[in-house]
Amino acid sequence: MPVLKYLPSAIALAWMAVTPALADDLFAAPPSDGWYNNLLSEPRLPARAPAKYADWRGLYAGGQVSYSDGFADFSGSTIAPISYALRETDLESTFAPSGWPVLGSANHGGVGGGGFVGYNFEYLTPDMNVVLGFEANFDIASLSIFSPEAPIGRSLPTDSSGNTYLVNITGGGQVSNLDWSTLRGRVGWGIGNFLPYAFVGLAVGNANVNIVENISGEVNPPSSGPCRSTSTPACSTFSFSGTAGKDSTWLYGMTAGVGLDIAVSRNFFVRTEYEYVQFQPVSGVNIDVNTVRLGGGVRF
């Protein structure tokens, strides 16, 4: 039949027409590197970014544990009681034994605990990274610091009246049950779930401050010789004692420090912090405290 006569030629022409297209499909470059591996592997899910809880604004509160190292300088604490005891004597006006350093300085550390409550608001930058706020913080540490004692015994030169003196001074001091609270303003920089911050503020503390001193000796008028007994002609002895400070003394000062809050969910965070507190001198004692803390809190 005529159709069968031309069938081989038609098949040949069709094959020549489709061959370039098949060649392009078979030998074309793979759509991406590793396409053949993708055919054999399981479908890949897109990587998930870590959850972010970066909104630090609002009210928060929490608790903390701490370690505090308290320092007290007692060197000026015996000035007032000694000068008062000797206020009418030539000994004080001439030689000023009230200024002699009877007591020294000491420090003592201890574990404590407390809590905090505060409020944050974000401000200043379009992306809301700067976090301003205020916070009240309290620490129950019950620190106790005892002064070292350096008893003093001195033979003094002759005064304007020709008298010579032998003077002995002893004393002791302690700061006990020291606790404190602070009211701070703070500024932080929000970095995802992290909020590093710094703060300054006022500090109020309460402690028992007790100072005691004893001063004794002898007065030797000219040519009297040393006092061997109360019967020594013109020789006299003296003894005075005094105290300073009181129980439940209020302390006032300042605080400064740095810390880091880390959000672990939308409502909970953990904290690490360093704080320095310095109080105004009380009864001649200078007191400051260094504290490190670990804590956690809730954002409302």
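Could you list the GluC sites (Glu not before Pro) in the stretch 68-164 that lie in coil according to DSSP, counting only those with at most 10 other Cβ atoms within 10 Å of their Cβ?
The qualifying sites are 88.
To the nearest 0.05, what FRET efficiency results for residue 266 and residue 176 with a Förster distance of 41 Å applied to their C-beta separation?
0.40
Which value in nm describes the separation of the simple spin-label points at residue 246 and residue 105, placed 7 Å from the Cα toward the beta carbon?
About 2.8 nm, to one decimal.
Find out how many positive minus negative residues lie around residue 270, taking Lys and Arg as positive, Asp and Glu as negative, among other residues whose Cβ is under 13 Å from that of residue 270.
In short, +1.
How far apart, in nm, are two points set 7 Å out from the Cα along the Cα-to-Cβ line at residue 194 and at residue 57?
Taking the simple label geometry, residue 194 and residue 57 are separated by 2.4 nm.
Just so you know, all these numbers are worked out from the coordinates, no wet-lab data involved. Note that this is a predicted model, so its numbers are computed, not measured. With ideal geometry, Cβ positions are generated from the backbone for all residues, glycine too; neighbour counts draw on all protein chains shown.
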